[in-house]
1. 222 nm [θ] for the chain, helices only, -39500 (n - 2.57) per DSSP H run of 4+, per residue, to 500?
2. Amide H of Asn52: which non-local residues (sequence gap of 5 or more, or other chain) have their own amide H closer than 5 Å, using H built in the peptide plane?
3. Which whole-number value in Å² is the accessible area per residue of the chain, probe 1.4 Å?
4. How much accessible surface area, in Å² rounded to 10, belongs to the heavy atoms of Asp30 with a 1.4 Å probe?
5. Report, to the nearest whole %, how much of the accessible area of the chain belongs to carbon and sulfur atoms, 1.4 Å probe, protein only.
Amino acid sequence: MFIVKKNGTIEQIDKLKILKYINRTQRVSDSAAIADSVVKEIESRFDIFYPNTHNIEDIIEKHIMLYDSNVL
């Protein structure tokens, strides 16, 4: 799966970068599970066009909120 970067280039989605973003923005105990669910959603939703960084950030934030609501 590929992503359109802010500068317009296209590159492979890096799960490690998603994990680093989660850890940088939120302190959650199971960030690896959140990253896995984010990657699964990206792979299932974007089959016709490549997502951009804003799409990915929105998906990450959604999964963090879902995780927080399940933990509480």
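1. Details: 3 runs with 45 residues, N = 72.
One gets -20500 deg cm²/dmol as the mean residue ellipticity at 222 nm.
2. Distant-sequence amide H within range of Asn52: Val4.
3. On the way: 4950 Å² over 72 residues.
In whole numbers, the chain has 69 Å² accessible per residue.
4. Surface accessible to solvent at Asp30 totals approximately 70 Å².
5. Values: 2660 of 4950 Å².
With neighbouring chains kept in place, the figure for the chain is 54 percent.
The values are calculated or read from the model by the stated rules, or taken from the named source; none is laboratory data. Since the structure is predicted, the reported quantities are computational estimates derived from the model, not experimental observations. These area figures cover heavy atoms from the full protein model, side chains too; ligands, DNA and RNA do not enter into them. Shrake-Rupley method; radii C 1.70, N 1.55, O 1.52, S 1.80 Å.
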